[in-house]
Amino acid sequence: MTFQFTPIALAAALAAAFPVSSAVAAANPVPEAAAVVVTAARQAQAPADVLADINVISAEDIANSGAVSVADLLQQQRGIEIARNGGAGSNTSVFIRGSNSVQNVVLVDGVRVGSSTTGGASWATLPLDQIDHIEIVYGPLSSMYGADAVGGVIQIFTKKQKGAVRSVVSAGIGSYGTREMNGGVSGSVNKELSFSMKAAHQEAEGFSVTRPGAGPYSYNADKDGYKLDSFSASANYEFSKQAEVGAQFMTSRLNAQFDAGPSYDDRNVQNQEMISVFGKMRVNDIWNTQLQLSQSRDQTYTDASYGKSQIDTRQDFITLQNQFQFGKDSAQLIAERREENVITTTKAINGKRRTDSLAGSYLWKQDAHLASAAVRYDRSSVYGNNTTGNLAYGYRFAEGLRLNASYGTSFRAPTFNELYYPGYGISTNRPEKSKNAEIGAVYQKGDLELSAAYFRNRATDLLVTAKVCPVDPVTNKYGCAYNVNQATISGLTLSGAMKFGQLGIKASADFQDPKDDTTGLQLARRAKRHGTLSADWSEGNWKAGVETVFSGRRYDDVANKNALGGYSLLNLYTSVQLNKDTRVLARWNNALNKDYETAKNYTTTGSSLFVGVQYAY
């Protein structure tokens, strides 16, 4: 298959840039995103019925976050850590529950995005300006999404709206030469047709992403800025209450500078694209079916002192999903085909692979009992067959209180680099395997929400990099990736939220032990302790808030020789709705100007201000 198609202070902080686009969502509200969640079971569920550990970042949360990027927003969430080689436009890794960045699945409106060569999503190219809300599911979901859903799944939903046609424009400026402009129009033409179009531009002059300690072959004292342009569009047509068709599209282009030596303007130009068309039909009283054709592209052009290169990856999908409703219970049958294609300028790792999948699930509800079961079979043209499953049970002991227990298996497929990159890849590398057991409790009553989850995730056949290749030392003279390591990540996550009139408070704490069982050492760039604490106050048209993020000591390397110190960050924000159409937002991120690192010898954003205004009509 082939398709060619963001009263304490007037400050606005952006870890290096701008959140005005986020302000649009609050002034242009949509139905509350948490009314239903869809990622955990690939179907709409009330949050109270979801047995997995979930977290929903609403449009209002995004508006108040002041985040420059999706990664900055995720850093403020429980169970998530980030590592970045500089500012918002730099290479970024996101760790969920201590799992590696390549052990997580990222979806945009149901379509998987990311690179088949390096693995994982290109976070810097995902435009926060286009996002309405985000769902995070913690724990293994290979039984629903196949390869790589080991630590969890993050699904991004772009902005859409039904009802009267509404237009929004916004702009803002901030520290580090930050500038942002965006606008869009969305709504319903009539009862049948609704549409949405959004465009945005972000840029910053930035700062030097490297420190002198990076050495003469990396450090450059120049400023490393970036420009990010994005556009999204969608359309839905409802023939009746029983049938509809739709299409959606998102594209972004990131031009970001980085450092690879003192005398060259090194930069990456990345293009991210997602397109899908779908049809839904209610066949009868119990049967709903949906067919989706989709494609995602990840293209990177690198112009650096060490040379130029182009890497293009494309993923094509056909998904047929059937849902059957039996009273309060529901069953699903899913058939899916995924084709991955890689083209590089060197033609060293050009190739393709296909995965055919079948999956089934059942959700059961009876009085105080909840249960779910899922199984999936994936057949790859390259790395063989894998069967994964998940079982979960929950019991409501009292009003608002539920206890859960679950067990699930998952796997991560080797990337094209790990299989074929000259002098590094081994074509016989096997998928990583994982088994995860979890127990948890959730309490929700009125304005009080509390949750606790203890998990133990044991992974085998982990792919690691060896400087001396034990598999094929002749061909791989400078090392290789090969299966050897085992790891156990166990931890406890606590979170809570409470409202006292106009005051809202949220907090989370993660206690984890991300351990390499082969060496007994701590997994690189993952802390044993991290957490968040935030509070906001509303008074009439005014809103103000404070956020803090804490992280413990980490190591930049697998040998645990290069320590990364713990850190704490303080962010402040305030906003005012001047009238029904106009809103002003101000942010001050890293207000205490904390100097810290998430990657050794790479600079992070210091104290930064941002002010923006948006107008919706």
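Structure notes:
- Cβ charges +1 (Lys, Arg) and -1 (Asp, Glu), total dipole of the range 425-526, debye: 100 debye
- Largest-first ordering by accessible area, 1.4 Å probe, given options Tyr615, Tyr176: Tyr615, Tyr176
- Label of the coordinate-derived value, Cα extents along the principal axes in Å, listed as (1) 63, 62, 51; (2) 65, 53, 48; (3) 172, 85, 34: (2)
- With every protein chain in place, the range 288-349: carbon and sulfur % of accessible area (1.4 Å): 57 percent
- Dimensions (Å) - the range 29-148, Cα atoms, principal axes, largest first: 39, 34, 23
- Accessible area (Å², per residue) of the range 53-118, counting only protein heavy atoms and a probe of 1.4 Å: 17 Å²
- Probing with 1.4 Å while keeping every protein chain in the model, the per residue accessible area of the range 129-255 equals 39 Å².
- Distance from the C-alpha centroid of the range 364-401 to that of the range 504-518: 24 Å, rounded to the whole angstrom.
- Placing R0 at 56 angstrom, the Cβ-Cβ distance between Glu205 and Gln366 gives a FRET efficiency of 0.40 after rounding to 0.05.
- Using only side-chain charges placed at the Cβ, +1 for Lys and Arg and -1 for Asp and Glu, the dipole size of the range 460-576 relative to its Cα centre rounds to 200 debye.
- Within the accessible area of the range 50-113 (1.4 Å probe), percent carbon and sulfur: 35 percent
- Restriction of the trypsin sites (Lys or Arg not before Pro) in the range 287-381 to DSSP coil positions whose beta-carbon has at most 12 other beta-carbons within 10 angstrom yields Lys328, Lys347.
- Convex hull of Cα atoms in the range 233-290, direction-averaged projection (nm²): 5.7 nm²
- Selection from Ser330, Ser58, Ala200 lying farthest towards where the dipole of the chain points positive, charges on Cβ: Ser330
- Solvent exposure of the range 443-532 amounts to 53 Å² per residue of accessible area, where only protein heavy atoms count and the probe is 1.4 Å.
- In straight-distance terms, cross-link reach from Lys435 covers every one of the lysines whose alpha-carbon lies under 17 Å from its own, apart from those fewer than eight places away in the same chain; here that gives Lys515.
- Exposure of Ile334 as accessible area (Å², to 10), given a probe of 1.4 Å and all protein chains: 10 Å²
- Considering only Gly425, Ala487, Leu391, and ranking their Cα positions along the charge dipole of the range 345-495 that arises from unit charges at the beta-carbon of Lys, Arg, Asp and Glu, the one farthest toward the positive end is Gly425.
- Taking θ as phi - 60° and the Karplus parameters 6.51, -1.76 and 1.60, the scalar couplings of the range 174-189 work out to x, 5, 6, x, 6, 9, 8, 9, 7, x, x, 9, 7, x, 10, 6 Hz in sequence order, x denoting glycine and proline.
- Per DSSP, loop trypsin sites (Lys or Arg not before Pro) in the range 455-555 with at most 10 further Cβ within 10 Å: Lys467
- Accessible area of the range 185-261 belonging to carbon and sulfur atoms, whole % at 1.4 Å probe: 58 percent
- Net dipole in debye of the range 321-380 [+1 Lys, Arg Cβ; -1 Asp, Glu Cβ; about Cα centre; nearest 20]: 320 debye
- Rounded accessible area of Met197 (nearest 10 Å², 1.4 Å probe): 90 Å²
- If you plug the beta carbon distance of Arg354 and Lys594 into 1/(1 + (r/R0)^6) with R0 = 51 Å, you get a FRET efficiency near 0.60.
- Positive-pole candidate from Pro514, Asn541, Phe278, dipole of the chain, charges at beta carbon: Pro514
The values are calculated or read from the model by the stated rules, or taken from the named source; none is laboratory data. It should be emphasised that the depicted structure is a prediction, and the values quoted were computed from it without experimental measurement. All Cβ positions, glycine included, derive from the backbone under ideal geometry; neighbour counts span all protein chains shown. Side chains included, ligands, DNA and RNA excluded: accessible areas come from the protein's heavy atoms. Shrake-Rupley method; radii C 1.70, N 1.55, O 1.52, S 1.80 Å.
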